[in-house]
Each structure stands twice: as C-alpha cells, then as structure tokens.
Amino acid sequence: MQARNGFSELAIQMFKNAADEESLKELLTSKYPEDDLVNYLQSEDPYVGRAAATALGLIGSMEVVPALVENLKNDDLRACLNSEIALWKVWSRSGDESIDKMLNAGKRSLKNENFSEAVQQFTAVIEASPNFAEGYNQRAIAYFMLEEWENALADCKQTIKLNPHHFGALAGIGHVYLRLGKIDAAVDAYKQALIINPNLVSIAETIMQLRREFEEE
C-alpha cells in the first residue's frame, strides 16, 4: 500500500511542478531514486507510468535506458511516447555540462540549417568526449543533410557501437542506404529500428511503400 501511495504522489508532483523544470528536477532527485522510478514504469495506474517515464527523461542516467526501451512496447501509447522522449533526453546528456552545451549549440545550428557549422560543432563534442554516442548521431544528421552519405553512415554505425539501443541511428542507416539505392540494406536497418521501437510509424510506412514498389516492378 505504501508503494501505491508513492506512485500517486509521483504523478501529482509531476503535474504540480510541470511548469518549473529545474525545481522539478531537484524534487525528483531528492525524493525518487532511479530504481524506484524504473519500477514505477510498470504501475497499474497509467498516469503514474507516464509520469515515471517523463521523470526518467529529466534525471535518468544511461542505466535506465534498457527499462525505457522495454517500455516502448507498453500497451499504453502515451507511455510509449513519453518513454521515447525520455530516451532522447537521456541520450543527449553526456554527464559533462560543458559538453552538453556544445551539443545543444550544434543542434541549434542544425535547426537553423547551418549544416557545415553543425558538423564542426559536433566534431568538437566528439573530440572532447569520444564515447558520447549522441555526438556521432547528431553529426550523422548534419552529414546526411549535406548529402555526405559515407560520413553519415560511419557516424550512425559508431553511434550503434556505443549505444546499441539507438533506434534513431538505425533509422539513419536505413535512410542513407535508401539514398545509395541499397534497398535491402535499408529495409534491414529499418526493421532493426522497429524491433527496438515499434512506434516508428513513418519507418513502418516506408517499409510498406518499398514493398509495394518492389511488387509493382
């Protein structure tokens, strides 16, 4: 019974403090160990499970990634979405605030379509933290936008080497192979991404479209 009360309190606190992310992070860090939040993902109350996923996105370490990946297969679609968002947030934290700022600067360059500048910024991230998978993944996106297919492919593969759960990098591999005309390899990469995250609707639709085109030939 005490655990259930704890679950309810988590959901309430997440709702009450949603507008102040920094205060919410402090509250979560002080009151909810990672292991408890991971257990809360399986709560019978869907609101608590969703809140736990969001909380892990705010304060979780890489240790929580397997639990969030498993939760991508939750019957509650909102919990799946919250887990996907949480994974991206966890993956974007290197553990070093200065490196995270560099990564975010690169993301801003991507958003502003300054792709060459983004490559330089993500390269700086990689040089500062060679084992930080998201540096490679983000640089792969920049290379992709520059149509530097081989560089994008190499960075996607390095991302997967460092973070085997990274469905985004697997989808990226599929996108590159598709541009290179390697349809079978693209479909294989897309399928691997879907195994990890079955909620990638656009990827599933791409596979079906490729199959229809193959049947029409």
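Which residues, counting only those in region 153-174, are of a type in the set (A, V, I, L, M, F, W, C) and either under 21 Å from Ala204 (Cβ atoms) or assigned to a loop (DSSP other than H, G, I, E, B) (or both)?
Answer for region 153-174, where residues must be of a type in the set (A, V, I, L, M, F, W, C) and either under 21 Å from Ala204 (Cβ atoms) or assigned to a loop (DSSP other than H, G, I, E, B) (or both): Cys156, Ile160, Phe167, Ala169, Leu170, Ala171, Ile173.
Taking region 84-93 as the search range and keeping residues that are in contact (Cβ under 8 Å) with a residue 40 or more places away in the chain and surrounded by 20 or more Cβ atoms within 10 Å (Cβ to Cβ), which one is farthest from Leu200 (Cα to Cα)? Result: Trp91. Looking for whichever is more than 22 Å from Leu153 (Cα to Cα) and over 21 Å from the mean Cα position of the chain (by Cα) here; the options are Arg211, Arg179. Which one fits? Going through Arg211, Arg179 in turn, just one is more than 22 Å from Leu153 (Cα to Cα) and over 21 Å from the mean Cα position of the chain (by Cα): Arg211. Taking region 127-152 as the range and being part of a helix (DSSP H, G or I) and open to solvent by less than 20 Å² (accessible area, probe 1.4 Å) as the test, the residues that pass are Ala133, Glu134, Gly135, Asn137, Gln138, Ala140, Ala142, Ala152. For Asp75, work out the one condition from (1) open to solvent by 70 Å² or more (accessible area, probe 1.4 Å); (2) without any contact (Cβ under 8 Å) to a residue 40 or more places away in the chain; (3) assigned to a helix (DSSP H, G or I) it doesn't fulfil. Only one criterion is unmet by Asp75, namely (3). Would you mind stating whether Glu26 is part of a helix (DSSP H, G or I) and free of Cβ contacts under 8 Å to residues at least 24 places away in the same chain? Taking the combined requirement at face value, the residue satisfies it.
I'd like to know if region 175-182 contains one or more residues that are open to solvent by 70 Å² or more (accessible area, probe 1.4 Å) and assigned to a helix (DSSP H, G or I). Yes - at least one qualifying residue is present in region 175-182.
The values are calculated or read from the model by the stated rules, or taken from the named source; none is laboratory data. Note that the structure is predicted; figures quoted are calculated from it, not measured. Methodologically, a virtual Cβ is constructed for each residue, glycine included, from the backbone with ideal geometry; neighbour enumeration extends over all protein chains shown. In case anyone asks, the SASA skips ligands and DNA or RNA and just uses the protein heavy atoms, side chains included. Shrake-Rupley method; radii C 1.70, N 1.55, O 1.52, S 1.80 Å.
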